[in-house]
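Notes follow once the structure below has been shown.
The values are calculated or read from the model by the stated rules, or taken from the named source; none is laboratory data. Keep in mind it's a predicted model, so treat the numbers as computed, not measured. Neighbour counts are summed over all protein chains in view; Cβ atoms, including those assigned to glycine, are modelled from backbone coordinates with ideal geometry. Heavy atoms of the whole protein, side chains included, go into the accessibility calculation; ligands, DNA and RNA do not. Shrake-Rupley method; radii C 1.70, N 1.55, O 1.52, S 1.80 Å.
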Amino acid sequence: MAIVTQSTSQISPAMERMYHQSNLLGEWKGNWAGNNQAVSFKVVNIRGARAQVEYTHNGRTERGFGQVDGATISFGSVSIGTKDGKGAALVFSAGGGKASAYLKKQAPPADDNRLIGSWGGYSADNGKSASFRVLSINGKEALVSVTTDGITRQGTGMVYKNVIMFGQAQIATDDGKNGKIIYQVGSKFYTVGVTKYPPAGSSSSVDKTA
């Protein structure tokens, strides 16, 4: 059974192609129209039809799980949607009252450079090995090469903080040295712990003293 860390998202390739759900990930801040009070909405991760969220208004924060429907997330009396991943509309509706706010995506911490490099590992639990090579990162896109079950795929993955999603595989790291590759085959998910390989030609990676 795959163990998914709290910061890791599971967005199906079909939903990503159709709705670009990864655009919803991140922290959004803005003000309510009318009273100009500050409001924020944070999408921590998306797992199928559920999203882990944090909704801050009137100086307090509500945390829980929202319902994902296409490019929209509903949480209690509010819903949020975005088309471009830069601006979002937040709508409140309860007891006959309605309000709306325009939110802007906040820039994530610049820690995605930790993912650049070659990763590989083997899981004794499921007998699977996997490798993930991150050639470059440009904004929310990463040029990658992924090998799972002996098959190598190359292309452009989606970046969010410490996670890169590519097709039915993703890699996540917290420290830039160790990480996890999670990939899907059919309806099953496999998790492989990986470590980052030393850069090619690194003089510190080999100790020739006897």
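Of the residues in the range 153-198, how many are within 17 Å of G117 (Cβ to Cβ), part of a strand (DSSP E or B) and either charged (D, E, K, R) or touching a residue at least 40 places away in the same chain (Cβ under 8 Å) (or both)? The total comes to 15.
Within the range 44-92, track down each residue that is in a strand (DSSP E or B), open to solvent by less than 80 Å² (accessible area, probe 1.4 Å) and polar (S, T, N, Q).
Answer for the range 44-92, where residues must be in a strand (DSSP E or B), open to solvent by less than 80 Å² (accessible area, probe 1.4 Å) and polar (S, T, N, Q): N45, Q52, T56, T61, T72, S74, S79, T82.
One residue stands out in the range 54-98 among those that are free of Cβ contacts under 8 Å to residues at least 40 places away in the same chain and of a type in the set (V, I, T): the one that is farthest from N23 (Cα to Cα), namely T61.
Going by the structure shown, is G95 open to solvent by 80 Å² or more (accessible area, probe 1.4 Å) and of a type outside the set (D, E)?
Spelling it out, G95 is indeed open to solvent by 80 Å² or more (accessible area, probe 1.4 Å) and of a type outside the set (D, E).
The set of residues from the range 140-152 being assigned to a strand (DSSP E or B) and under 20 Å from S123 (Cα atoms) comprises S145, V146, T147, T148, I151, T152.
Summed over the range 112-152, the residues that are of a type in the set (D, E, K, R) and under 17 Å from the mean Cα position of the chain (by Cα) give a count of 4. Got at least one residue in the range 21-35 being over 18 Å from K104 (Cβ atoms), at pLDDT below 95, among the charged types (D, E, K, R) and surrounded by 14 or more Cβ atoms within 10 Å (Cβ to Cβ)? No, that holds for no residue. Out of the residues in the range 153-178 that are out of contact with any Ser or Thr (no Cβ under 9 Å at 6 or more places or on another chain) and not β-branched (V, I, T), state the one that is most open to solvent (accessible area, probe 1.4 Å). Checked the range 153-178; the qualifying residue most open to solvent (accessible area, probe 1.4 Å) is D175.
Just for the range 178-210: of the residues that are charged (D, E, K, R) and within 16 Å of K128 (Cα to Cα), which one is modelled with the lowest pLDDT?
K188
Kindly provide the set of residues from the range 115-135 that are surrounded by fewer than 18 Cβ atoms within 10 Å (Cβ to Cβ) and basic (K, R), ordered by number. K128 - this is the single residue of the range 115-135 that is surrounded by fewer than 18 Cβ atoms within 10 Å (Cβ to Cβ) and basic (K, R).
Is it true that some residue in the range 136-152 is touching a Leu at 6+ places or on another chain (Cβ under 8 Å), among the hydroxyl-bearing types (S, T, Y) and either open to solvent by less than 80 Å² (accessible area, probe 1.4 Å) or modelled with pLDDT under 90 (or both)?
yes
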